[in-house]
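Data first, discussion second: the structure below is written as structure tokens.
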Amino acid sequence: MPEAKLTFEEFKAVLEALIYVSEEPLKEAEIFGTFPAEEEATVRRSLEELILEYSTVPRGIRIVRVAGGYRMQTRPEHDSWIRALYRQRNRIRLSRAALETLAIIAYRQPVTGPEIQSLRGTHPIGVLQTLLERRLIRTLGRKKVVGKPILYGTTDEFLVHFGLNSLADLPSLEDFPGIAPEGIPEGSTAEAVEEIQEGMLSSGPEIRSETLAAGDSPEEADLGEERVLDSLQATPQADGWPHDEEE
């Protein structure tokens, strides 16, 4: 740890550099751990002033709090220009199927493939694999029911991708009719959703799960959910399942 005594302006400069070089949102614990403990009050004041400067000066970058940490990101009023740039680079975006599946997982997590299929009507293996590869979702183990289907939930990368600080910042469920979990009424606020989901994580049936075995890929494991999927009365195609569209 550097021992040089910093001025207040130098504290802000160092904080700006730390946030800039951090690939993930920079947590407060990481910030305070970088400086001597006795400087915490100064560091906190420097951070507040740095964020204020970025919010008041007309720059293309601002400092925001997402996923429990701080990161630099562009301003929303510049979105159209940024989208134009990415269109030139032929950026691959998530399909409608992927976005719908991701919304279901975000609000119902932890949730299984068969539960997603019961809502969307198509088997989500392909879409789930895409979301896993993009690190927007992760596996949480297996649900202790017949077939032991895999449980899925969102990641910090999901929060970063959509500019959210926590699941409490999700829009109201009334914007997504039909995907509210049992026990969460339509139109519930995001804060209520998170509170109920936290209760599920501590005592609800969804978390009574088993960890995945080593080498047990989600795609292979979900193919073993046939008995559960049969109970959902899925409409088979030529290969046995109504597959989702490509990414």
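The values are calculated or read from the model by the stated rules, or taken from the named source; none is laboratory data. Owing to the predicted nature of the structure, the values given are computational and were not obtained by experimental measurement. Here the Cβ positions follow ideal geometry from the backbone for every residue, glycine too, while neighbour counts run over all protein chains shown.
I need the full set of residues from segment 108-144 which are among the acidic types (Asp, Glu) and within 15 Å of residue 96 (Cβ to Cβ), in order please. Correct list: empty. The residue that is modelled with the lowest pLDDT, counting only those in segment 87-131 that are among the β-branched types (Val, Ile, Thr) and not in a helix (DSSP H, G or I), is 92. Filtering segment 150-171 to residues that are at pLDDT below 90 and over 16 Å from the mean Cα position of the chain (by Cα) leaves nothing.
Among the residues here, residue 172 qualifies as among the polar types (S, T, N, Q), closer than 26 Å to residue 79 by Cα and not assigned by TED's automatic domain parsing to the domain that holds residue 64. The set of residues from segment 67-81 being part of a helix (DSSP H, G or I) and hydroxyl-bearing (Ser, Thr, Tyr) comprises just one member, 80. When segment 70-105 is limited to residues that are in contact with a helix residue (DSSP H, G or I) (Cβ under 7 Å, 6 or more places away or on another chain) and within 30 Å of residue 31 (Cβ to Cβ), the one that is surrounded by the most Cβ atoms within 10 Å (Cβ to Cβ) turns out to be 70.
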